[in-house]
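One structure below.
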Amino acid sequence: MTEDKGQNNEEVVAIETVEVSEKFAKAGKKSKKHVEEVKAEEKRKARAAENKLAELEVKPKGEKPVTRPVLERRGKKYQAAYKDIDRTKLYSLAEAIALAVKTNPAKFAATLEIHARLGVDPRQADQNIRTTLVLPHGNGKEVRVAVFAPEDECKKAKAAGADIAEDAEFIKQLEKGTINFDILISTPAYMPKLGKFARLLGPKGLMPNPKAGTVTNDIEKAVKESKAGKVEYRVDKQAIVHIGVGKTNFTEAQLLENATAFLESLKSMKPASLKGQYIKSIFISTTMGPSIAVENIYN
């Protein structure tokens, strides 16, 4: 009798165990193996965190590096040139040019650069300054001019001094990613053929543009102007215009004429919608030399 009772109890426990198991399964409970794996993973992460903390505690904290002023990080020639410039003074254009040439720290004929900060918003279409001008004495840079146009226009371009003037062969070179020119001129009819090379030419500023005078039907004139020293300038995202107006081996008179031509051109580009000051500041420098503040008489 007792044995039968014990057997019945065992059967009841077994039934309850099965019911509990089924209940857990229906409730979406994880298997015992999965629970053990989760616990093992948690222990591993805990050990890794402890080890990392121990490394941080053991590793000595070094002293913060001392950042030297920008001037001290420059070369001796730059520092010497910097001392010759009065930082409290606004120089006339002629004075600034003479001083920039005198303080040029480079051993080579450096480019004389003008940097003009404008009061425009480049995000506004009518305030996004971009144009070209022909410097009276060129900018001292030998430019390679490429022309992409019909065959008869290519012949005229070659006669005008173009370095590259081709049709089919030019496209083959672009497909290879070969760029061996500084300026690209095209006719309006040929522009669609250049569309697929926008990612190649655009970032380098070589995509022909009507505002730059590089999309035109007068190819011959465009080539001659480019070879004669025609330059393009545009305002950047910080509302600053940068341009090279010659080399330090130019005469000061030539540099002054070029600089004046640029500033007069920039003055004429003032947007009609602009309220407030147009040209905020002007600085002149050589490629590797210190900047010189220029008296602003061009507003």
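The values are calculated or read from the model by the stated rules, or taken from the named source; none is laboratory data. Computed from a predicted structure; not experimentally measured. Cβ placement follows ideal geometry from the backbone for every residue including glycine, while neighbour counts extend to all protein chains displayed.
When residues of region 83-122 are filtered for being free of Cβ contacts under 8 Å to residues at least 24 places away in the same chain and within 25 Å of the chain's Cα centre (by Cα), how many remain?
Qualifying residue count for the region: 0.
Pairs only if they're at least six apart or on different chains, beta carbon under 7 angstrom, first in region 65-82 and of a type in the set (A, V, I, L, M, F, W, C), second part of a helix (DSSP H, G or I) and at pLDDT 70 or above; list them, first residue then second.
Filtered contacts from region 65-82: Leu71/Gln79; Leu71/Tyr82.
Checking Val223 against (1) over 27 Å from Tyr278 (Cβ atoms); (2) not assigned by TED's automatic domain parsing to the domain that holds Ile164: exactly one of these is not met. Which one?
Result: Val223 passes all but (2).
Do you know which residues across region 68-86 are hydrophobic (A, V, I, L, M, F, W, C) and either closer than 12 Å to Pro105 by Cα or at pLDDT below 80 (or both)?
So in region 68-86, the residues hydrophobic (A, V, I, L, M, F, W, C) come out as 70-71, 80-81, 85.
If the condition is that a residue be hydrophobic (A, V, I, L, M, F, W, C) and either closer than 12 Å to Pro105 by Cα or at pLDDT below 80 (or both), then Val70, Leu71, Ala80, Ala81 are the ones that fit.
Would you list the helices (runs of 4 or more DSSP H) that sit entirely within region 95-208 and hold 2 or more residues that are surrounded by 20 or more Cβ atoms within 10 Å (Cβ to Cβ)? Reasoning before the result, please.
On the way: elements: 151-160, 168-175, 191-194, 198-201.
Helices (runs of 4 or more DSSP H) meeting the threshold: 151-160.
When only residues in region 218-249 that are assigned to a helix (DSSP H, G or I) and surrounded by 15 or more Cβ atoms within 10 Å (Cβ to Cβ) count, which is farthest from the chain's Cα centre (by Cα)?
Glu220
Could you list, in sequence order, the residues of region 151-200 that are without any contact (Cβ under 8 Å) to a residue 24 or more places away in the chain and among the β-branched types (Val, Ile, Thr)?
Hits for region 151-200 are Ile164, Ile171, Thr178.
Can you report the number of residues in region 263-297 which are in contact (Cβ under 8 Å) with a residue 40 or more places away in the chain and under 22 Å from Asn139 (Cβ atoms)?
Count: 17.
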